1. Against the conditions (1) surrounded by fewer than 16 Cβ atoms within 10 Å (Cβ to Cβ); (2) within 14 Å of ligand 2 (Cβ to nearest atom), where does residue 116 fall short? Just the number, please.
2. Looking at (1) of a type outside the set (Val, Ile, Thr); (2) open to solvent by less than 10 Å² (accessible area, probe 1.4 Å); (3) under 21 Å from residue 305 (Cβ atoms), can you tell me which one residue 125 breaks?
3. Taking the residues in segment 6-16 that are at pLDDT 95 or above and under 13 Å from residue 60 (Cα atoms) as candidates, determine which candidate is nearest to ligand 2 (Cβ to nearest atom).
4. For residue 232, state whether it is part of a helix (DSSP H, G or I) and away from ligand 1 (no atom under 16 Å from the Cβ).
5. Any idea which of (1) at pLDDT 95 or above; (2) within 17 Å of residue 17 (Cβ to Cβ); (3) polar (S, T, N, Q) is the one residue 153 doesn't satisfy?
6. Determine the pairs where a residue that is closer than 9 Å to residue 173 by Cα and near ligand 2 (Cβ under 7 Å from one of its atoms), located within segment 122-148, has a partner that is open to solvent by less than 20 Å² (accessible area, probe 1.4 Å) and of a type in the set (A, V, I, L, M, F, W, C) with Cβ atoms under 7 Å apart, the partner being 6 or more residues away or on another chain.
7. Of the conditions (1) farther than 30 Å from residue 309 by Cβ; (2) loosely packed, with under 15 Cβ neighbours inside 10 Å; (3) not aromatic (Phe, Trp, Tyr), residue 182 satisfies every one except a single condition; which number is it?
8. For segment 157-165, indicate whether the set of residues that are part of a loop (DSSP other than H, G, I, E, B), modelled with pLDDT of 95 or more and away from ligand 2 (no atom under 14 Å from the Cβ) is non-empty.
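The values are calculated or read from the model by the stated rules, or taken from the named source; none is laboratory data. Quick caveat, the model's predicted, so the values are computed rather than measured. Neighbour counts are summed over all protein chains in view; Cβ atoms, including those assigned to glycine, are modelled from backbone coordinates with ideal geometry. What goes into the accessible areas is simple: the full protein's heavy atoms, side chains included, and nothing from ligands, DNA or RNA. Shrake-Rupley method; radii C 1.70, N 1.55, O 1.52, S 1.80 Å.
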Amino acid sequence: MRVFSGVQPTGNIHLGNYIGALKQFVDLQDKMEALYCIVDLHSITVPQIPEELYRHTLDVAALYIAVGLDPKKASIFIQSSVKEHAELSWILTCQAYTGELNRMTQFKDKSHGKESAPVGLFSYPVLMAADILLYKADWVPVGNDQKQHIELTRDLAVRFNNKYGETFVVPQYKGMEVGARIMSLDDPSAKMSKSNPNDFSRISLLDAPGKVKKSIMRATTDSETVIRFDPVEKPGISNLLTIYSAFSGKTIPELEHQYEGCGYGALKKDLVEVVNDTLQPIQERFQEIRPSEELIKILKQGRDQAQAIAQQTMREVKERLGFVQL
Ligand code: ATP
Ligand code: LTN
């Protein structure tokens, strides 16, 4: 069995990315062959400042290791360092229909209100399908905002296999019951995102304790006082309970019981502590690994391991298509 996933270097990893994706990356590296990528080709579907993209790419790589990914167990690499991603993406672009891409909600959201959108933003899910199919991954841990893209990946794999013969593995969406969608702290109707201009809408894994405190204490809740998990009626408190549960290992019913009769202030105060206690060792490890030569070595080794699999898949794909390989 093989697991593959990726994170865009569009900013520093936040609690949504951590709970929705990275925590699963760490768990799964012990259970199967693992490949984790920093998807820089995806990030340029929206404008990026080159110096920031460079910095964020290495930050995300260092954060992968800081949260517990082990380069002895998982291949960690940068998407653009394995050329086959772009190559397979073109081949799959020729299999995908404009109609199905038109239905992708992420494209609709990101292009909404703009007069025109880059073609890359439209074909973004095809590149994502290429990432996954290149490695014949069985499992793809992602937050639920990516579910539609995984379904498209499955459709493209089946379509190619039917036309050209069994080539790709049809991957599974690895969803979770809680934590698959962490909401913004200032607006619990929107997902927590790296690209939200309001810094207090999210908590980054690299935030200082004071910033964590401020973000949680100001988090939008409701006018009741009872602490109850109810994402429809009480999205703000439910979001805080989800974060608390992911960071403490306690279940949501346990937390509801623990905070029976307490006010929101008490819950928020304890949550600040739980989050800061978890982030402290991650930040210490990050500071060590980020400037080190070791990080570059890990990324080169990851690239070599990924490339060996990618090249093998591309040979098969080209043969199936009838391309002359010299
Ligand atoms: P951007 O705002 O630039 O689109 P993002 O914050 O959505 O970025 P991605 O790099 O697109 O982050 O996502 C990395 C992983 O984190 C994906 O698996 C995605 O599904 C997951 N993820 C992103 N936001 C959340 C969230 N709020 N809750 C749970 N999982 C999330
Ligand atoms: N689109 C994803 C990032 C991503 C990805 C992937 C995730 C690109 N390629 C392959 C899993 C597998 C996102 O998080 N926005």
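1. Condition not satisfied by residue 116: (2).
2. Of everything listed in (1) of a type outside the set (Val, Ile, Thr); (2) open to solvent by less than 10 Å² (accessible area, probe 1.4 Å); (3) under 21 Å from residue 305 (Cβ atoms), residue 125 misses just condition (3).
3. 6
4. Judged against the criteria, residue 232 is not a match.
5. (2)
6. From residues that are closer than 9 Å to residue 173 by Cα and near ligand 2 (Cβ under 7 Å from one of its atoms), the pairs are 140/4; 140/132; 140/150; 142/21; 142/150.
7. (2)
8. yes
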